[in-house]
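> Below is one structure. I have some questions about it.
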Amino acid sequence: MSDREGHSGGGAPTDDDLSLPKATVAKMIAEFIHLISSEANEICEQENKKTIAPEHIITALTRLGFTTFAPEVESVLKDHKQQQKDREKKVSKFEKSGMTEEELAAAQEELFAQSRARYNNGQQ
């Protein structure tokens with residue numbers, strides 16, 4: 001469907017004329033997601049699982065004939081898992097500081113006070 005379908009008159013299409021194709025694409029996307037999630041849910045139930053896992057989505061894509069999407073989804077999943085591992089390895093600043101929560105709060109208040117003093121001196 002082109003952007004000009006349903007457009008009456010010879011001028012450029014209006015926002016109303018363009019909204020039909022956008023709505024159609026949005027509906028197609030929603031249907032695609034529903035189709036994949038329904039299939040993934042069936043796979044999940046067959047495996048006696050309660051939560052749909054990424055592997056269920058990949059299997060659903062393959063079963064439904066969207067095999068060309070599977071490698072990209074697997075790649076994104078691999079990247080996501082690596083990011084999760086990297087996050088877990090990072091130690092938080094709180095843990096690195098060796099200070100208690102109260103000591104950190106006091107240090108933060110001191111920094112705020114110093115900042116306010118600098119700001120007030122700059123305003124005069």
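The values are calculated or read from the model by the stated rules, or taken from the named source; none is laboratory data. A quick note: this is a predicted structure, and the numbers were derived from the prediction, not measured. Counting neighbours? That spans all protein chains shown, and the Cβs are built from the backbone with ideal geometry, glycine included. Heads up: the accessible areas ignore ligands, DNA and RNA and are worked out on the full protein's heavy atoms, side chains in. Shrake-Rupley method; radii C 1.70, N 1.55, O 1.52, S 1.80 Å.
> Within segment 34-59, restricting attention to residues that are of a type in the set (Gly, Ala, Ser) and either part of a helix (DSSP H, G or I) or open to solvent by 100 Å² or more (accessible area, probe 1.4 Å) (or both), which residue is farthest from LEU77 (Cα to Cα)?
SER38
> What's the number of the only condition in (1) open to solvent by less than 70 Å² (accessible area, probe 1.4 Å); (2) in a helix (DSSP H, G or I); (3) not aromatic (Phe, Trp, Tyr) that GLN83 fails to meet?
For GLN83, the failing item is (1).
> Then there is this: Of the conditions (1) under 21 Å from GLU74 (Cα atoms); (2) at pLDDT 95 or above, GLU31 clears all except one; give me its number.
Tallying (1) under 21 Å from GLU74 (Cα atoms); (2) at pLDDT 95 or above, GLU31 fails exactly one: (1).
> Under the condition of being modelled with pLDDT under 90 and either open to solvent by 70 Å² or more (accessible area, probe 1.4 Å) or of a type in the set (S, T, N, Q) (or both), which residue from segment 99-117 is nearest to ILE57 (Cα to Cα)?
Once the filter is applied, the top-ranked residue is GLU101.
> Moving on. Which pairs do you get when a residue that is free of Cβ contacts under 8 Å to residues at least 24 places away in the same chain and of a type outside the set (A, V, I, L, M, F, W, C), found in segment 99-124, comes within reach of a residue that is open to solvent by 70 Å² or more (accessible area, probe 1.4 Å) and in a helix (DSSP H, G or I), reach meaning Cβ atoms under 9 angstrom, with the pair 6+ apart or on two chains?
What qualifies is GLU101/PHE94.
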